[in-house]
Amino acid sequence: MGNTVLLIDDDADVMDVVQDALEPAGYRVAACVNGLNAMKSILAYQPALIILDVMLPGVDGYTLAITITEDAATSDLPIIVLSGFAPSEAMFRKFPQVKAFINKPFNPADLVEAARQALIKKNK
């Protein structure tokens, strides 16, 4: 599914902005609205990139990052973290697959560039 991006976020407005930014840039955006279904969605969509919110219902983004890292099937997936809570950036620095941390609200062009960079690094 080459250019599929899985957005894990429970905010409909963020989903719209991400989709409106990434689809014209050639990405297919799939969505998961809570942390409980995130791993099922990752396995179902087989995304090239994950965009992960920090504050999610069910399972938070930090716990998901740990799960993604420890699972052999997903440990090489690049992640872009989106958060309205800037101090949480420090928590995600330990994950090598976190390629960018973007604070909400964000510039859609910055997200497109972060996605492009994350996928370039993955494909090298």
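The numbers here are math on the coordinates, done by the rules we state, and not lab data. As the structure is a computational prediction, the values presented were derived from the model and not from experiment. Cβ placement follows ideal geometry from the backbone for every residue including glycine, while neighbour counts extend to all protein chains displayed.
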Inset, instruction - Starting from the Cα-Cα distance between ALA109 and ASP13, subtract it from 0.36 nm times their residue separation and give me the gain in nm to one decimal. - result: 32.9 nm
Legend entry - Neighbour-count ranking [beta-carbon atoms within 10 angstrom, fewest first] of LYS104, LYS40: LYS40, LYS104
Inset, instruction - Quick one: compute the contact order of the range 4-122, relative version, from alpha carbon pairs under 8 angstrom and 6+ residues apart, as a percent. - result: 25 percent
Legend entry - Total formal charge among the other residues, if their Cβ is under 14 angstrom from that of VAL54, Lys/Arg +1 and Asp/Glu -1: -4
Inset, instruction - Tell me the chymotrypsin sites (Phe, Trp or Tyr not before Pro) within the range 80-124 that lie in a loop according to DSSP and have at most 14 other beta-carbon atoms within 10 Å. - result: PHE85
Inset, instruction - Rank these for me by crowding, ILE80, ILE66, going from fewest to most other beta carbons within 10 Å. - result: ILE66, ILE80
Inset, instruction - Consider the candidate values (i) -1.08, -1.39; (ii) -0.88, -1.28; (iii) -0.89, -1.14; state which one is log10 I(q)/I(0) by the Debye sum over Cα atoms at q = 0.18, 0.21 Å⁻¹ computed from the structure displayed. - result: (ii)
Legend entry - Extension reserve of the ASP71-ALA90 stretch, reckoned as 0.36 nm per residue once the Cα distance is removed: 4.6 nm
